[in-house]
1. What ³J(HN,Hα) values, in whole Hz, does the Karplus curve 6.51 cos²θ - 1.76 cosθ + 1.60 give for segment 28-42 when θ = phi - 60°, with x put for Gly and Pro?
2. Report the FRET efficiency, 1/(1 + (r/R0)^6), for residue 81 and residue 129, where r is their Cβ-Cβ distance and R0 is 30 Å, rounded to 0.05.
3. Among the lysines, select those whose C-alpha is under 16 Å from the C-alpha of residue 9, and discard any that sit fewer than 8 residues away in the same chain.
4. Would you calculate the separation in nanometres between label points at residue 69 and residue 9, each defined as 7 Å from the Cα along the Cα-to-beta-carbon direction?
5. Stokes-Einstein diffusion coefficient for segment 11-96 at 20 °C in a medium of 1.002 mPa s, Rh from the Kirkwood formula over Cα pairs: what value in µm²/s?
Amino acid sequence: MKLIRLYPKKLEDYIEDLRREKRSAQHEVYQLLSGKMLSVCRQYIADVQYAEDVMVSAFMKVFTRMDKYEDKGSFEGWIRRIMVNESISFLRAQRPFAYLEEQVEHQEEHIEDDEGDLSLEEIQRLIDQLPAGCKTIFNLYVIEEYKHQEIAAMLQISEGTSKSQLAQARKLLQQQLEHLKNRGLWNGVK
């Protein structure tokens, strides 16, 4: 007779089984997080099939490097960081990042949005249209909440380049929103 679990396990409950390389734990963790982690990879990689490949590769790293997890901080956060790093490695292998030469003042721009005007898919499409360098830095700073110093170290660039690329990404996104507004496709820009 099979026991039915009344309370679902928390992600942290799988850590010891993952360290012992239990396939059932790997399968369950993959099932729990694959949708969320695909979204993480998709933020960096426009092609869904490539994003899926990167996600699977990153999960393999998670499962084979459980000895590196030090039980500090969120386990899901540790997995997410692996997803981000694997996505950046994939992008680097495709072609080196090209950073726009235009220097933009490092000012905090705010893109105003009337709640619900753009779907997440529409926002992702706008972000996907950014040049690779701008898109990566935008995602690292805005979505992942890395500091410019961390981004600079991760991408082997200067902090100034990180800041200017973020400003450029925001400027390009604002232009895209203005374009949508002018075409009557969105009324959220003020």
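Laboratory data are not the source of any read-out in this text; all were calculated from the coordinates shown. Keep in mind that this is a model prediction, so the values were computed, not measured. Glycine also receives a Cβ, built like all others from the backbone with ideal geometry; neighbour counts cover every protein chain displayed.
1. My calculation for segment 28-42 gives 5, 5, 4, 4, 5, 10, 4, x, 5, 6, 5, 4, 4, 5, 5 Hz in order.
2. 0.70
3. 22
4. Here the modelled spin labels are 1.1 nm apart.
5. Estimated via Stokes-Einstein, D reaches 164 µm²/s.
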